[in-house]
Structures are given as C-alpha cells and as structure tokens.
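The values are calculated or read from the model by the stated rules, or taken from the named source; none is laboratory data. Here the structure is a predicted model, which means the values were calculated and not measured. Cβ: placed from backbone, ideal geometry, glycine included. Neighbour counts: every protein chain shown. Heads up: the accessible areas ignore ligands, DNA and RNA and are worked out on the full protein's heavy atoms, side chains in. Shrake-Rupley method; radii C 1.70, N 1.55, O 1.52, S 1.80 Å.
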Amino acid sequence: MQLEYLAEFVDLAESLSYQETARRCLVSESALSRHIKGLEADLGVRLFQRTSRRVRLSPGRAAAGSAGRGTGRLDDHRRG
C-alpha cells in the first residue's frame, strides 16, 4: 500500500469525483481507479460504490477518517 494512494482515497472520499481527484492528484482517471482498486484489494474492503454516473462511499468509509488523519500527519512531517 502506498501513502500516495491513501491521499488519493481521502481526496476522492471528499470530492466523490474521479475527474476532480485525478486532476488535483496529477494522475489520470484510469490510474486513480487502479490505485483505489488496489487499496480495496489490500484492505479487503470495498471503499466505494460505483455506478456509471456516481461514486459513493461504501460502508467501509470509516477508514476515511483514519486515513485522512494519517496523511495529514505525513504531510506535516514532510513540511517540518
């Protein structure tokens, strides 16, 4: 699991838009989709419910708060 993928997860959980998250994280939408699917495989939980028009957090969304706090601390460490 890569920390960048957790940051992408947190961004996607907040925006609920692959396009917006991909733009902000400077990756393609297809790469972002692969990263999220990889996280889901690593964690053994489905993080998002996807349709052709929408993305929503799944019941596994409780991980969002923990991941967000963790990536925030990592960003603080990198800046400090």
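Overview of values
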| item | result |
| --- | --- |
| Members of the range 1-39 found to be open to solvent by 90 Å² or more (accessible area, probe 1.4 Å), at pLDDT 95 or above and touching an Asp or Glu at 6+ places or on another chain (Cβ under 7 Å), listed by number | Gln19, Arg24 |
| Odd one out for Gly70 among (1) open to solvent by less than 70 Å² (accessible area, probe 1.4 Å); (2) at pLDDT 70 or above | (2) |
| Residue match in the range 60-67 (condition: at pLDDT 85 or above, surrounded by fewer than 17 Cβ atoms within 10 Å (Cβ to Cβ) and in a helix (DSSP H, G or I)) | no |
